[in-house]
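Take a look at this one; I'll ask things after.
Each value in this text was obtained by applying a stated rule to the coordinates, not by laboratory testing. The structure presented is a predicted model; accordingly, all values stated were derived computationally and were not measured. Here the Cβ positions follow ideal geometry from the backbone for every residue, glycine too, while neighbour counts run over all protein chains shown.
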Ligand code: NDP
């Protein structure tokens with residue numbers, strides 16, 4: 001019953017939020033297809049999961065901004081784990097700087113990873129979901145996908161893009177019984193937040209990757225007649 005025996009593809013599964021989502025899904029008996037760029041992270045997670053759960057785990061390395069690499073990785077994962085029932089588009093990157101000062105290559109890279117990456121991976125798994133008339137897709141956006149701020153133009157543009165992509169996909173996919181959700185968390189205690197200088201105040205008051213993973217599990221566990229189109233979560237810490 002529930003999620004047991006289904007297959008989830010988690011992108012950005014090597015660290016942070018994606019790693020905890022994958023770990024919690026394995027505990028529910030979900031077979032896992034794990035994707036990120038760093039092979040060692042994925043293999044180490046796969047080994048840990050295989051020690052504690054009886055699920056199939058496949059790993060594949062790809063930069064989500066590279067469509068050809070994504071297509072090859074998805075083919076490999078389908079071979080080892082099976083067609084995807086649940087896609088968690090979590091891989092993402094963030095650096096901040098003013099429009100005037102940020103290098104255009106950096107700006108383009110953020111949009112490529114966060115927006116094009118979400119599109120490439122979704123495009124790869126959608127035909128199987130449509131053929132089976134079943135599926136769940138959760139796209140991890142951000143509060144920066146709802147409002148802009150000084151120095152976040154690239155990240156906000158990419159995450160606003162994810163919101164528009166999610167809304168359009170949701171309208172297309174409903175008739176195929178595919179549920180599509182955008183998550184818009186505020187700051188979560190991960191390496192990304194450290195690198196971007198987002199960790200302000202005490203760590204124990206910050207949202208943890210476990211909190212986001214619990215929300216993902218709650219959404220996935222809803223009956224098929226229900227879907228959450230958008231879920232925002234904030235820490236109670238006003239920082
Ligand atoms: P982390 O940096 O901790 O982890 C990111 C994961 O994504 C890593 O496994 C990383 O592995 C992978 N990744 C990064 N770039 C790529 C790429 N180009 N191709 C494939 N995989 C990639 O980040 P978080 O866990 O904090 O972030 C996860 C998601 O949550 C992101 O989409 C982020 O924008 C979003 N988010 C985060 C918030 C926060 O405060 N932390 C708040 C709101 C949203 P590798 O480097 O090996 O590829």
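To the nearest 10 degrees, how steeply does helix 67-80 sit against the main Cα axis of the chain, on a 0 to 90 scale?
The angle comes out near 30 degrees.
Now for a separate question. May I ask for the distance between the Cα centers of region 64-132 and region 214-236, given as a whole number of Å?
Taking the Cα centre of region 214-236 as reference, the centre of region 64-132 is 21 Å away.
Please list the radius of gyration and Dmax for region 1-74, considering alpha-carbon atoms only, with Å as the unit.
11.7, 36
Given region 45-135, what whole percent of its Cα pairs are spread farther than 21 Å?
Every Cα pair in region 45-135 considered, those over 21 Å come to 43 percent.
What's the Kirkwood radius of the chain in Å, using all Cα pairs? Could you put the intermediate results ahead of the total?
Numbers: mean 1/r = 0.0561 Å⁻¹.
Result for the chain, one decimal place: 17.8 Å.
Express in nm, to one decimal, how much length is gained between residue 176 and residue 106 on full extension, taking 0.36 nm for each residue of separation and deducting their alpha carbon distance.
Values: separation 70, 0.36 × 70 = 25.20 nm, distance 3.69 nm.
Taking 0.36 nm per residue and subtracting the Cα distance, the gain is 21.5 nm.
Here is a further query. Calculate the FRET efficiency for residue 208 and residue 68 from the Cβ-Cβ distance with a Förster distance of 45 Å, rounded to the nearest 0.05.
Numbers: r = 35 Å, r/R0 = 0.78.
It comes to 0.80.
Okay, moving on. Could you grab the Rg to Rh ratio for region 172-229? Cα atoms only, Kirkwood for Rh. Write out the running numbers ahead of the final one.
On the way: Rg = 15.1 Å, Rh = 13.4 Å.
Over the Cα atoms of region 172-229, Rg/Rh equals 1.12.
For region 107-239, take the alpha-carbon Rg, divide it by the Kirkwood Rh, and send me Rg/Rh.
Details: Rg = 15.5 Å, Rh = 15.7 Å.
When Rh is taken as the Kirkwood radius, the ratio is 0.99.
May I have the pair-distance distribution P(r) for region 92-142, computed from all Cα-Cα distances with 10 Å bins from 0 and rounded to whole percent?
Result returned by the calculation: 22, 39, 23, 12, 4.
Additional query: Extending each Cα 7 Å along its Cβ direction at residue 99 and residue 52, get the distance between those two points in nm, one decimal.
About 4.6 nm, to one decimal.
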